[in-house]
Amino acid sequence: MLDQRETLLIVDDEAVIRKLLHLKLSREGYQCDEANDAEQTLNMLETSPIALVILDIKMPGKSGIELLPEIKSGFPDTAVIMATAVNDIDVAIQCLKQGADDYICKPFNLEEISLAVQRALEKRRLQLELREYQQYLEEKVEEQMIETRKLFLGAMEALVFALEAKDKYTGGHSRRVTEIALALGNELNLSTQNMEDLRWGSLLHDVGKIAIDQLIQNKPFRLTHTEYEHIITHAHVGADIVRPVVNGKIVEMIEHHHDHYDGNGLHQVIAGSDIPLGARILAVADAFDAMISDRPYRSALSITKAIDEIKRCAGTQFDPGVVTAFLKAVGTMTTLGSKPSKPPRCSGY
Ligand SMILES: [Fe+2]
């Protein structure tokens, strides 16, 4: 349905023509404004919502042809009808190619003008409705994606906790690593988004252990090199599991959480600051929780010894900057004051 309260802007350097169009279109219920040159036209478009411009092609100063692209780029929701002399039809057609919605010829047939305005406004209304509907659909898809992602992450988190719960050595490991990693992230002044990524990376860092042989994982002796190689694949498997639904930072964090800062970790391809910061934080948090937890083949280290070990490995296994943050944060971590009654096995290996 045509909305006749919409505002039209009549642009022509000849006052007589402006008045003629103004009178005709006002009678049909449109709100009409007038401008006599390009500068006044742009000012009026800036200051009030205008649904349609009737734009004279030949004007002193900037012509309608020059003004058309400025209107279309600056005010894409405004329809434009070009007004031209009969002998300038080729120019008018050129204007249509540049985004004008229609053209009318001088001398004017007022009924044709009225129809052209109706058509252009109806086309504009349909375009606006279509865009609004597209935005609505995009928002719905985005909402659905967020919901699906949330469900997936929740399911993955539950899976990790279930995997840990059935193993007397790993119960609660991921939750404690998350607590430690977030304390380090806080010390390193990570942004809110980076802290959220770190939280998910920490909670899910060992999800790839679903693919690990339980007999090797729970072996009550030191692992052979081959067994260790098998265990370490959980970092890549975990990254592949979460890749479809989390952002790249979380994937990289999980993929590199066993990388050594000096590049001497197993099958490592990057080193130093090329290792994502989240993974360097996770490496310290993961190893610390591993050291203060029992393993099938050895008892947990004391907290003091574990801290000494983290310090000793600064610059080799761990990022020295992260170790500094760890030493500052270590006194505030509640984990340290509440060692679990069922000591978990570390994942630091
Ligand atoms: Fe791990």
**Message:** For the chain, what does the helix formula give at 222 nm: sum of -39500 (n - 2.57) over DSSP H segments with n ≥ 4, over the residue count, nearest 500 deg cm²/dmol?
**Reply:** -17500 deg cm²/dmol
**Request:** Can you send over the carbon and sulfur percentage of the accessible area for the range 197-308, probe radius 1.4 Å, protein chains only?
**Result:** 56
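Set the Förster radius R0 to 35 Å, insert the Cβ-Cβ distance between Met145 and Glu122 as r into 1/(1 + (r/R0)^6), and round the FRET efficiency to 0.05.
Efficiency at R0 = 35 Å is approximately 0.50.
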**Message:** So if each residue of separation counts as 0.36 nm, and I subtract the Cα-Cα distance between Gln31 and Phe152, what length gain in nm does that give?
**Reply:** 38.2 nm
**Prompt:** Rolling a 1.4 angstrom probe over the protein heavy atoms, how many square angstrom per residue are accessible across the range 190-280?
**Reply:** 47
**Request:** May I ask you to list the residues of the range 222-243 whose amide nitrogen lies under 15 Å from a point 7 Å from Cα along the Cα→beta-carbon direction of Leu159?
**Result:** 234-243
**Message:** Calculate log10 I(q)/I(0) of the range 66-165 for q = 0.13 Å⁻¹, where I(q) comes from the Debye formula with a single equal point scatterer on each Cα and nothing for solvent.
**Reply:** -0.63
**Asked** In percent, what relative contact order does the chain have, based on Cα pairs under 8 Å that are 6 or more apart in sequence?
**Response** 13
**Request:** For the chain, with a Gaussian network of springs between Cα atoms less than 10 Å apart, report the residue from Ala15, Ala155, Ala306 with the top mean-square fluctuation.
**Result:** Ala15
**the range 216-271 - Rg over Rh from alpha carbon coordinates, Kirkwood radius** = 1.03
**Asked** Relative contact order of the range 128-286: what whole-number percent is it, with Cα pairs under 8 angstrom and at least 6 residues apart?
**Response** 20
**Asked** On full extension of the chain, what length is gained from Ile89 through Glu129, given 0.36 nm per residue of separation minus the C-alpha to C-alpha distance?
**Response** 11.3 nm
**Request:** Give the carbon-plus-sulfur fraction of the accessible surface of the range 101-189 in %, rounded to a whole number; probe 1.4 Å, heavy atoms of protein chains only.
**Result:** 55
**Asked** Peptides 130-138, 205-213, 225-233: what's the order by average Cβ count within 10 Å, highest mean first?
**Response** 205-213, 225-233, 130-138
**Asked** If Asp13, Asp240 are ordered by their accessible area, calculated over protein heavy atoms with a 1.4 Å probe, which sequence runs from highest to lowest?
**Response** Asp240, Asp13
**Complete:** Mean-square fluctuation maximum in Gaussian network of the chain, Cα pairs under 10 Å, restricted to Thr148, Thr332, Thr47, hits Thr47
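The values are calculated or read from the model by the stated rules, or taken from the named source; none is laboratory data. Just so we're clear, the structure is a prediction, and the values are computed from it rather than from any experiment. Glycine gets a Cβ as well: all are built from the backbone with ideal geometry, and neighbour counts include every protein chain shown. What goes into the accessible areas is simple: the full protein's heavy atoms, side chains included, and nothing from ligands, DNA or RNA. Shrake-Rupley method; radii C 1.70, N 1.55, O 1.52, S 1.80 Å.
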